[in-house]
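The next block holds one structure in the form of structure tokens; read it before the comments.
Just so it is clear, none of the values below were taken in a lab; they were calculated from the coordinates. Just so it is clear, the model here is predicted, and its values are computed rather than measured. All Cβ positions, even for glycine, are placed from backbone atoms using ideal geometry, and neighbour counts span all protein chains on display.
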């Protein structure tokens with residue numbers, strides 16, 4: 001049986017992560033609405049953002065319902081998410097899509113780990129995380145279809161984004 005503390009960690013970090021995804025897409029859309037004009041990319045990002053908003057709302061409700069304190073780092077994650085999104089969009093479509101692919105590859109493993117730990121006492125939570133993981137895998141596939149690559153400079157960008165995501169996960173679970 002999984003502990004109450006572990007469930008709280010799952011919900012706190014998943015809330016932070018989904019909110020971070022919303023902020024990344026908001027940053028990308030800010031760049032696409034002001035400096036970069038790519039209507040096709042804008043439409044794809046808006047479509048993926050809808051899922052992230054749905055995921056974020058679910059975890060916000062869980063935080064309230066279960067009286068869990070969100071991570072103290074939310075304001076920092078918000079700023080970094082918008083900055084990452086804005087910066088990746090400024091670098092072009094390949095970079096913007098790599099940002100999505102890199103984050104989703106980390107989240108895939110993260111959610112799978114949680115799914116494997118959740119038992120029957122948290123059926124609804126497990127069901128939601130499984131659905132959200134599938135959405136994230138779809139986003140990753142879309143990103144590669146839209147030109148994400150890890151060649152050249154992009155391999156460095158991939159490592160930076162993945163490392164940052166893992167650090168944010170580790171911090172948000174605990175604080």
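Label the range 59-119 by shape, choosing from rounded, prolate and oblate, from the square roots a ≥ b ≥ c of the eigenvalues of the Cα gyration tensor; if a/c is under 1.5 it is rounded, and otherwise prolate applies when a/b is larger than b/c, oblate when it is not.
Verdict is oblate for the range 59-119.
Taking Cα centroids, how far is the range 106-175 from the range 1-77 in Å?
12 Å
Tell me the angle of helix 123-145 to the major Cα principal axis of the chain, expressed in degrees between 0 and 90 and rounded to the nearest ten.
10 degrees
If I take every Cα pair under 8 Å that is 6 or more residues apart in the chain, average their sequence separation and divide by the length, what percent do I get for the relative contact order?
Rounded, it is 31 percent for the chain.
Arrange the peptides 33-46, 7-20 so that the one whose residues have, on average, the most other Cβ atoms within 10 Å appears first.
Listed from highest to lowest mean packing, they are 7-20, 33-46.
Would you compute, from DSSP H runs of 4+ residues alone, the mean residue ellipticity of the chain at 222 nm, taking -39500 (n - 2.57) per run and dividing by the full residue count, rounded to the nearest 500?
Computed mean residue ellipticity for the chain: -29500 deg cm²/dmol.
Taking a ≥ b ≥ c as the square roots of the eigenvalues of the Cα gyration tensor of the chain, is the shape rounded (a/c under 1.5), prolate (a/b larger than b/c) or oblate?
In terms of gyration-tensor shape, prolate.
Cβ neighbours within 10 Å, averaged per peptide: list 120-127, 79-86, 163-170 in order, most packed at the top.
79-86, 163-170, 120-127
Measuring from label point to label point, each 7 Å out along Cα→Cβ, what is the residue 153 to residue 174 span in nm?
3.5 nm
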